[in-house]
1. Conditions first: (1) crowded, with 16+ Cβ neighbours inside 10 Å; (2) among the basic types (Lys, Arg); (3) in a helix (DSSP H, G or I). ARG197 passes all but one, so which condition is the exception?
2. Among the residues of the range 103-142, how many are touching a Lys or Arg at 6+ places or on another chain (Cβ under 9 Å), free of Cβ contacts under 8 Å to residues at least 12 places away in the same chain and not in a helix (DSSP H, G or I)?
3. Please go through the range 200-214 and pick out each residue that is at pLDDT 95 or above and either more than 23 Å from ALA51 (Cα to Cα) or not small (Gly, Ala, Ser) (or both).
4. Restricting the search to the range 11-64, which residues are of a type in the set (Phe, Trp, Tyr) and closer than 21 Å to PRO76 by Cβ?
5. Residues that are touching a residue at least 40 places away in the same chain (Cβ under 8 Å) and buried (at least 22 other Cβ atoms within 10 Å of the Cβ): does the range 47-58 have at least one?
6. Mind checking which pairs have a first residue in the range 234-263 that is farther than 19 Å from SER195 by Cβ and a second that is outside any helix (DSSP H, G or I) and charged (D, E, K, R), Cβ under 7 Å, 6 or more apart or different chains?
7. Within the range 274-293, work out how many residues are touching a residue at least 40 places away in the same chain (Cβ under 8 Å), under 23 Å from the mean Cα position of the chain (by Cα) and surrounded by fewer than 17 Cβ atoms within 10 Å (Cβ to Cβ).
8. Of the residues VAL65, VAL87, VAL100, which single one is modelled with pLDDT of 95 or more, more than 21 Å from the chain's Cα centre (by Cα) and among the β-branched types (Val, Ile, Thr)?
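The values are calculated or read from the model by the stated rules, or taken from the named source; none is laboratory data. Here the structure is a predicted model, which is why all the values come from computation and not from measurement. Cβ placement follows ideal geometry from the backbone for every residue including glycine, while neighbour counts extend to all protein chains displayed.
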Amino acid sequence: MNKPQNRVFSGVQPTGNLHLGNYLGAIRNFVGLQDTHECIYCVVDLHAITAWQDPKELAANTREVAAAYIAAGIDPEKHIIFNQSKVSAHAELAWILNCVARVGWLSRMTQFKDKAGKDREAASVGLYDYPVLMAADILVYRATHVPVGEDQKQHLELSRDIAQKFNNDFAVNGGADFFPLPEPLIMGPATRVMSLRDGTKKMSKSDPSNWSRITLKDTADDIAAKIRKAQTDPDPLPETVEGLEGRAGADNLVGIYAALAGIAKAEVLKEFGGKQFGVFKPALAELAVARLSPITGEMKRMMENDQGYIDATLEKGAERARAIADPVYKRVREIVGFI
């Protein structure tokens, strides 16, 4: 079985409230990779149910993520957009990889500790085990590259460990070097977008304050208001990147501006260094509205008037995804010894 050279896999959870962090940290990068890689982009609905989801909301959120992919510029004719649950090889390979992965590896995953909180005994087994499903998502396509945020690098390392152990465990039966070890792609000046209310915390869908995030449903007025109220400090912006150290709110806003403009933080400070936030925030709001409004408008149009197109795109994408995944999983079965 020939190995792909530049195959990208990534996904976004359909848990509602897609926000600026999802766009800058993931979706926008997905768009840019289309010219250089073979891209497979998933709506990871199996991952979403590691915490309970209202079924009707899950369906709507799945369509919303797919709409965001398309509205942002991903071409579903050239690349693959689908939802994870339509391709059974993800879950089936995950079980085999569960038997390859070690409990100690999973116990070191910091994301579980963060998401489960103090009452870990009440968390679902799926929440504990989802890094193995993530590994299956990647490996079932033998993907070579995965665009990830800093907080997902640990899970990608786990995927590499699982792939390597599978290759070693089954080397005598044709498994040697079967799975490529996927490489991370961390791109851009704002790979980790922080909360507008607390620059030390990641922007999150689950934050109880809607003022903490700019969503892909926000109007121009909403965006301007949230940026105006974003956490900063009384000092003017520094003239060098080093001057942002210890100023989490300022650093976050400068990083967001840099990512939206496609420039380095140093260039932002070259223009705004020494100026007060009363000057910088309106400029940031204007830039954010210019970049996001076309996407939010197209998402809204599709969700209100063209859900049939979204569903057809997901189904067609799933067919193309199965054409890649099923032969890989068939070969895994043979390597493991299933008849």
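1. The number of the failed condition is (3).
2. Matching residues across the range 103-142 total 1.
3. So in the range 200-214, the residues at pLDDT 95 or above come out as 211-214.
Residues satisfying the conditions are TRP211, ARG213, ILE214.
4. Taking the range 11-64 and keeping what is of a type in the set (Phe, Trp, Tyr), we get 23, 30, 41, 52.
Within the range 11-64, TYR23, PHE30, TYR41 meet the criteria.
5. At the first step, the residues of the range 47-58 found to be touching a residue at least 40 places away in the same chain (Cβ under 8 Å) are 47, 49-51, 57-58.
Imposing the further condition that a residue be buried (at least 22 other Cβ atoms within 10 Å of the Cβ) reduces the set to 47.
Yes, the range 47-58 has at least one match.
6. Pairs that qualify, where the first residue is farther than 19 Å from SER195 by Cβ and the partner is outside any helix (DSSP H, G or I) and charged (D, E, K, R), are PRO236/LYS275; LEU237/LYS275.
7. Looking only at that region, the number is 1.
8. After ruling out the rest, the residue left standing is VAL100.
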